[in-house]
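Step one of this worksheet: look at the structure below.
FYI, it's all coordinate maths here, none of it is from the lab. Not measured: the values here are computed from a predicted model. Every residue, glycine as well, gets a Cβ built from its backbone with ideal geometry; the counts of neighbours run over all protein chains shown.
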Amino acid sequence: MRNCIQLFPVRRKIFPGPRQWPAPRGVDLALDEVCRTAIRAKRRATQPCDLPGQRITFRGANVSRYVVIGCVVIVCVVAVVVGYVLCEHLEGVQDAYALDWASAMVASYIDRHHGQAPDTWDDLRPEFDVLSERDKSWTFDEIKGRVVIDFANLEGWTKGRRHNPEFVSTVSGRQLRWSAPDPNERIAEVCVRTAGTSSDH
């Protein structure tokens, strides 16, 4: 009741006159309830409140953080995939150029030796020296490291045993094909054109 008097300085004067009459019991209980309600309201006003809006804001911040992390992960994955595809494409282009050089060396050797096939890579080094006079973009070892030459099949084709027109392939196993001219078709054409002109010394 004292707290109530502090909050609401009510003069408990029920009947007019010089004498202060005590308030009825029901009036005291009603005033006490009003005072307790006011005190609880004052305490709630002075304490930090946890409003639903605050919780929603906090949850929204977490969701925003997860969205940002997810976007970063997606961007990283896409960058890795794109980088891998780009590297594979560039490596494929390099392999295709190496096949073109190797087939040109083999075709030049067979043509200059009148249908005789080379036995090893060392036999092709003079042909590379001739080709590299016009283009210095490759070394002999680089081409050798990217291309596999089937020397046995080359010898068979130069001697009329023509069953598999595949003489050069990539070390990586990539299936590549030039539109004009195809490396294996270039070698096969030279083998057929020079057939019967080989002279063994």
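With N set to the number of residues, divide the alpha-carbon radius of gyration of segment 90-193 by 2.2 N^0.38 Å and report two decimals. Before the final figure, lay out the partial values.
Working: Rg = 12.7 Å, N = 104, 2.2 N^0.38 = 12.8 Å.
Normalised by 2.2 N^0.38 Å, the Cα Rg of segment 90-193 equals 0.99.
Tell me, what is the FRET efficiency for residue 148 and residue 114 to the nearest 0.05, using R0 = 30 angstrom and their Cβ-Cβ distance as r?
0.75
How would 158, 120 line up from fewest to most surrounding beta-carbon atoms within 10 angstrom? Working shown, then result.
On the way: 158 25, 120 9.
Fewest-to-most ranking of 158, 120: 120, 158.
Around residue 170, which amide H atoms from residues at least 5 apart in sequence, or from another chain, sit under 5 Å from its own amide H, with H modelled in the peptide plane?
148
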